[in-house]
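The values are calculated or read from the model by the stated rules, or taken from the named source; none is laboratory data. Quantities reported herein were computed from a predicted structural model and do not represent experimental measurements. Here the Cβ is made from the backbone with ideal geometry for all residues, glycine too, and neighbour counts use every protein chain on show.
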Amino acid sequence: MKKISIIVAAMAFSSGAFAAGEDLHAAFQTMMDTSFKTTGIADKYRMKQLDFQRICSAEKEPSKKVMEAIEAEQLKTIRYPADGKYFGDWKKGEKIATSGKGLTWTDKTRFDNGGGCYNCHQLSHKEIAYGTIGPSLQDYGKTRGNGNDVVKYTWGKIYNAKAFNACSNMPRNGDAEILTEEQMKHLMAFLFDPESPVNKK
Amino acid sequence: MRQKKLYVLLAALVAGVGGLNATAALADESADAIARYREMIADGNPSELVAAQGEQLWKTKRGPKNASLEKCDLGLGPGVVKGASAQLPRYFKDTGRVQDLETRLMTCMQTLQGIDPKAFVDGKWNKGEMENMEALVAFIVTESNGHKISIDMSNPQMKKMYELGKMAFYHRSGPMDFACTTCHGAEGKRIRLQDLPDLRTQAGAAAGWGTWPAYRVSSGEFWTMQHRLNDCYRQQRTAEPIYGSDVTIALSVYLAATAKGGTVLTPGLKR
């Protein structure tokens, strides 16, 4: 008897909490729908979340299983260079890594974006204005070599970081069409070329 | 004379920042230049000029109703400015809404002076009626400098706004998948050379919330909290938040409640 009442109490509690959560969720949706507007290239539609964005918007990281499912889905989005060539010009790559411009409502075009790499990563031995949100990538090629696996992995990471860490802070440069294939090749050269200041002091 | 001195100091600072490049020694030098500049203007923040205009505006009869704002109730009673912004946002019975400083001022300007809120919602930063808003904000937040951050969370509407603000803080969207947490959800991070407060913590929220609105040296502009949040979203690559919209108020409630007990140091002085 006692056991039953505990179960009933637990059910009542959980349904009550569920209802409150539902109300809050609905209020949140209304707030987001009414609080934003389209300005320039930044369409109001940008507030709609992709599934993984929604799952990665909780205070706590999702479970390992959920993360792995997202990563498997995101991995499918990666397109490797059709011509099999992974490396462009590291000097152009450095410029792309330095530029943080693009995709804001004050930008005229949604193309011609920077990579914004220095916002979060240390790269060149010579650049001291680097952020620390991501890991240091200094000596990237020097310490990792240029074997097929690491080259392919690095391309994938730049193309869609969520394929390797579901809730990564890093944008999906290729998948979200932030950078072009050519720009990503320049970034690859910046990371791997022995003459690049990432690897050469 | 005083203004001239400020311009010279600003020019010196810009030169210092412009020198930022290759070596760590130069970076330290620039950081020193910023520190020296902060020291020099510690009792002469450029916001003072804006605040003085705001104080005049507060007392000036304006708008279709030709009235001043001296009867505006910012939460501590009609006309009370001292300490008022340290306790905002708050729930206001007369509007039945939670309001931040700027939406409350919009209400006062509409009811007392007859100024259409559209002038702000559709306005441009540092232009027209918005420039008046900025001056008023500079005046009002100066009057809370040194006060403790203390918002009244007793009303259920405030609790709801806190929860909604927290959800917004973690909300990832847009082409770069960013949320507020991308930059402000971990301790001890920086973006390029700029230190980022962890706004989930009391200390981080106090450092952030407590030092805005602020004068921005790089742009030579006074920025309100609405302007600060607007530019955060711009850099997140989302759509643009509407001026005074609920999401901006909800985020403000979340930040101010998290910062509780911290000290208001407004107007702040920023890079």
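A few points about this structure:
- Residue that is over 22 Å from residue B:240 (Cα atoms) and out of contact with any Leu (no Cβ under 7 Å at 6 or more places or on another chain), where the choices are B:171, B:147: B:147
- Qualifying helices (runs of 4 or more DSSP H) (wholly inside region B:166-271; at least 1 residues being within 10 Å of chain A (Cβ to nearest Cβ) and within 16 Å of the chain's Cα centre (by Cα)): B:225-236, B:246-258
- Qualifying residue in region B:171-178 (condition: touching a helix residue (DSSP H, G or I) at 6+ places or on another chain (Cβ under 6 Å), within 26 Å of residue B:142 (Cβ to Cβ) and buried (at least 21 other Cβ atoms within 10 Å of the Cβ)): no
- Residue in region B:130-152 that is without any contact (Cβ under 8 Å) to a residue 60 or more places away in the chain and β-branched (Val, Ile, Thr) present: no
- Pairs with Cβ under 8 Å, 6+ apart, first in region A:34-59 and more than 8 Å from every other protein chain (Cβ to nearest Cβ), second surrounded by fewer than 19 Cβ atoms within 10 Å (Cβ to Cβ) and among the aliphatic types (A, V, I, L, M): A:55/A:66
- Residues that are touching a residue at least 12 places away in the same chain (Cβ under 8 Å) and touching a Leu at 6+ places or on another chain (Cβ under 8 Å) within region B:64-81 comprise B:65, B:67, B:68, B:69, B:71, B:72, B:74, B:75, B:81, listed in sequence order.
- Helices (runs of 4 or more DSSP H) (entirely within region A:100-201) containing at least 3 residues that are loosely packed, with under 15 Cβ neighbours inside 10 Å, away from chain B (no Cβ under 12 Å) and at pLDDT 95 or above: A:148-159
- Members of region A:60-72 that are within 14 Å of chain B (Cβ to nearest Cβ) and surrounded by fewer than 15 Cβ atoms within 10 Å (Cβ to Cβ): A:60, A:61
- Where helices (runs of 4 or more DSSP H) sit wholly within region B:88-149, those with at least 1 residues that are at positive phi occupy B:128-142.
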